[in-house]
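This report refers to the structure that appears directly beneath it.
The values are calculated or read from the model by the stated rules, or taken from the named source; none is laboratory data. All values reported here derive from a predicted model rather than from experimental measurement. Cβ atoms come from the backbone with ideal geometry, glycine included; neighbour counts cover every protein chain shown. Each accessible area value is taken on the protein alone, full model and side chains, heavy atoms only, with ligands, DNA and RNA left out. Shrake-Rupley method; radii C 1.70, N 1.55, O 1.52, S 1.80 Å.
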Amino acid sequence: MRYLMSIMSSPETEAADYEPAPEVYEAMAAYNEEMVKAGILLAGEGLAPTSEGAYVTFRNGGAAVTDGPFVEAKEFIAGYWIIQVSSREEALEWAKRCPHPPAGDDTVMRLQLRRIADMDDHEDMPEHLKERERELRAEGYAHGS
């Protein structure tokens, strides 16, 4: 089973002058190394702030682009990991081990955990399209992975 763990940020941590303490980087590096050694980390990256992003909204057959920052949102995806584990319980155990504010620090940090759907989850998808998607994944979507 593959899971996406998304670490969330807030408008405060999206601010241009925000820089995490060196200990945060140390803790994240140790966490990433632990997942690599366990053989479960498939990918993981931090994301640039929403000021560099865009929303693409589809309506009436067209697409509209809205540049960031996304001031109307209360939290954003700050980074992610893709892990491969044997169960939801194992994924939750890894998620709970993610570096977080220590006791006494009332900062709220959220991590969203979601299973990545497999082709078999799409029961109504025609088999030839499932096979085509499997082939694309095996090729690494134009060798990007």
>> Looking only at residues that are within 20 Å of residue 25 (Cβ to Cβ) and in contact (Cβ under 8 Å) with a residue 60 or more places away in the chain in the range 44-82, which one is surrounded by the most Cβ atoms within 10 Å (Cβ to Cβ)?
In response: 81
>> Looking only at the range 94-112, filter to residues that are without any contact (Cβ under 8 Å) to a residue 12 or more places away in the chain and surrounded by 11 or more Cβ atoms within 10 Å (Cβ to Cβ); which one of those is nearest to residue 34 (Cα to Cα)?
In response: 100
> Taking the range 113-138, which residues are hydrophobic (A, V, I, L, M, F, W, C) and open to solvent by 80 Å² or more (accessible area, probe 1.4 Å)?
Replying inline: 138
> For the range 34-76, how many residues meet the condition of being in a loop (DSSP other than H, G, I, E, B) and out of contact with any Lys or Arg (no Cβ under 7 Å at 6 or more places or on another chain)?
Replying inline: 15
> Could you say whether any residue in the range 113-130 is part of a strand (DSSP E or B), farther than 30 Å from residue 22 by Cβ and without any contact (Cβ under 8 Å) to a residue 60 or more places away in the chain?
Replying inline: no
